[in-house]
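To keep things clear, I will list the structure first and then write my remarks on it.
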Amino acid sequence: MKTAFDRRHLLQWMTLAAGASALPSWAARPAADPWPDDSRVPGGIARLSLGPASARPTLSFNDAPVLVLGDMIEWTAIIGIPLSTTPGQYPLQVQADGQTREKSFTVTDKKYVEQSLKVSPKTVDLSPEDNARYEREAAHLKTVMATLSQPLPMTSSLRMQVPVPGRRSSSFGLRRVFNGQSRNPHSGMDIASPTGTPVKAPLPGKVIDVGEYFFNGGTVWLDHGGGLLTMYCHLSQMDCKVGDMIQAGQAFCKVGATGRVTGPHLHWSVMLNRAMVDPALFI
Ligand code: ZN
């Protein structure tokens, strides 16, 4: 059995062996949990222990590569569970040290409440032109959502600050009815905030998309590494361009009321292995 002391001792040794001058901050003190909450429901996250391995293990869920964090003593898979997932057991094939290990996790049901919204009829029953535009945008967004880069360094926390202050006007997962018609569930968190309020990055990230979209309005996507992406919608202003590196806490765009909205607010989505998950699990 590994004790906390053994683990710390080994990390100290590894750090010295690597020629580094100090322990990473998370190893030196038992800080708050740096990773998102475990919540094995549709729209939630499964944190799965993968045990030790000499190099980072790899696995996929729904054909998308999963974020794996940790070190050679203990690796953890942080799996985004799409809202459309039916409850049940999900087997996984984990590749580690040249071998395949079987793992599985169980998704339980979650009932999300319904929300009725009144919006411009043009944004519910699309004209042929708007529908063609939407389909072009959906194809483009698919390529943005497939972004996969190296995970953030182990010393980083995945805990996020809310990007703008304000009242949470709509939560993740709500089953939405626009002008009496059912549409896709709400795939992010809405925060009511006046137009022009600066939006601050919750984690360091790279700008991977800036655009004006039919439903989402002015939009920016950030890539935080390892398949962890965040999206900011209905913006009045985008003060960044593709390729920019944004620091945690840095303002990079402004709240607005563009796209399909009932008023100014920030729509904030968090995506893991191409699944939109509840941003509240990261706060
Ligand atoms: Zn929203």
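Among the listed residues PRO153, PRO163, PRO128, which satisfies the condition of being under 25 Å from GLY227 (Cβ atoms) and surrounded by fewer than 12 Cβ atoms within 10 Å (Cβ to Cβ)?
Exactly one residue qualifies, and that residue is PRO153.
Give the number of residues within the range 81-109 that are outside any strand (DSSP E or B), of a type outside the set (A, V, I, L, M) and open to solvent by 40 Å² or more (accessible area, probe 1.4 Å).
The total comes to 7.
What is the residue count in the range 247-267 for residues that are surrounded by fewer than 21 Cβ atoms within 10 Å (Cβ to Cβ) and farther than 21 Å from LYS118 by Cβ?
Qualifying residue count for the region: 5.
I'd like the residue in the range 179-194 that is out of contact with any helix residue (DSSP H, G or I) (no Cβ under 9 Å at 6 or more places or on another chain) and in a loop (DSSP other than H, G, I, E, B) and, out of all such residues, is surrounded by the fewest Cβ atoms within 10 Å (Cβ to Cβ).
Out of the qualifying residues, it is GLY180.
GLY225 passes all but one of (1) buried (at least 17 other Cβ atoms within 10 Å of the Cβ); (2) closer than 17 Å to GLY249 by Cβ; which number fails?
(2)
With the structure loaded, tell me whether GLY217 is within 13 Å of PRO279 (Cα to Cα), open to solvent by less than 50 Å² (accessible area, probe 1.4 Å), small (Gly, Ala, Ser) and within 12 Å of the ligand (Cβ to nearest atom) or whether it fails that test.
Against the criterion (within 13 Å of PRO279 (Cα to Cα), open to solvent by less than 50 Å² (accessible area, probe 1.4 Å), small (Gly, Ala, Ser) and within 12 Å of the ligand (Cβ to nearest atom)), GLY217 does not qualify.
Among (1) touching a Lys or Arg at 6+ places or on another chain (Cβ under 9 Å); (2) within 16 Å of the ligand (Cβ to nearest atom), where does GLY196 come up short?
Only one criterion is unmet by GLY196, namely (2).
Could you check how many residues of the range 268-283 are within 12 Å of the ligand (Cβ to nearest atom) and open to solvent by 40 Å² or more (accessible area, probe 1.4 Å)?
Result for the range 268-283: 0.
Consider only pairs whose beta carbons are under 8 Å apart and that are at least six residues apart or on different chains; among these, list those whose first residue lies in the range 131-145 and is over 16 Å from ARG260 (Cα atoms) and not assigned by TED's automatic domain parsing to the domain that holds PRO121 and whose second residue is open to solvent by less than 80 Å² (accessible area, probe 1.4 Å) and in a helix (DSSP H, G or I).
none
Out of the range 158-178, which residues are part of a loop (DSSP other than H, G, I, E, B) and among the hydrophobic types (A, V, I, L, M, F, W, C)?
Selection gives LEU158, MET160, VAL162, VAL164, PHE172, LEU174.
If I go through the range 195-213 residue by residue, how many of them are buried (at least 18 other Cβ atoms within 10 Å of the Cβ) and over 18 Å from the mean Cα position of the chain (by Cα)?
2
Restrict the check to the range 253-267 and report whether at least one residue is modelled with pLDDT of 95 or more and more than 15 Å from the ligand (Cβ to nearest atom).
Yes, the range 253-267 contains a residue that is modelled with pLDDT of 95 or more and more than 15 Å from the ligand (Cβ to nearest atom).
The values are calculated or read from the model by the stated rules, or taken from the named source; none is laboratory data. None of these values were measured; they are calculated from a predicted model. Neighbour counts run over all protein chains shown; Cβ positions are idealised from the backbone, glycine included. These area figures cover heavy atoms from the full protein model, side chains too; ligands, DNA and RNA do not enter into them. Shrake-Rupley method; radii C 1.70, N 1.55, O 1.52, S 1.80 Å.
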